[in-house]
1. Under 15 Å Cα to Cα from K11, which aspartates and glutamates show up? Leave out anything in the same chain fewer than 8 places away.
2. Under 16 Å Cα to Cα from K103, which lysines show up? Leave out anything in the same chain fewer than 8 places away.
3. I'd like to compare 26-36, 153-163: which one has the highest average count of other Cβ atoms within 10 Å, and what's the full order after that?
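Read the figures in this text as sums done on the coordinates, not as results from a lab. Predicted model only: the values in this text are computed from it and were never measured. Neighbour counts run over all protein chains shown; Cβ positions are idealised from the backbone, glycine included.
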Amino acid sequence: MGVTVITGEGKGKTTGALGLALLALASGQGAAVVQFLKGNSYAGELFAAERAGLKIYQFGWGCHWSSLIRSGEMHCTGCGECFRQNRKPEHGFALKALEFAGKLADSGEYGLLVLDEVSHALRRGLLQPGEVAGLITLYRERVDFVLTGRHMAAEITGLADAVCNLKAVKHPFAQGIKSRRGIEY
């Protein structure tokens, strides 16, 4: 089985991983997404995945305004509360997500698992590269893995069969364009 890393500063890491998960589902394999440090999100990927039958499990602090943002009645204010809460080790979100990913891999139900934004947990020291590498090594003969996030740890890219590094050439946020429903969420 294969290990794919989608990293870099550009947009499209999660979107690319979801595309691979949908391909796995379409070919009859089970696929699931474990999102590290994302919770109660208003992201459009949740709606699309639900319609396609793709399970997304979130482990993180949720936005208090997510239902209003999801409905289009409000935009993210950029307060950053969700990011600050997710970075607190005492919540244990990253370790819970990794343990849950191990349960999914062990179940035999999934041919592909996406570990979305796992690099964020690694960069923040909430997980160690050896812990993630251990999961991959233990199950890579039975499960394909797709790992996403900026600045992926070298220990993880070294295990990968494919590494995609997305480069931001131009980004709407840098131009002052707010998040758009159906595009960013």
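1. Cα-Cα hits under 15 Å: E45, D116, E117, E184.
2. Reachable lysines: K55.
3. Details: 26-36: 19.6, 153-163: 15.6.
By packing density, highest mean first, the sequence is 26-36, 153-163.
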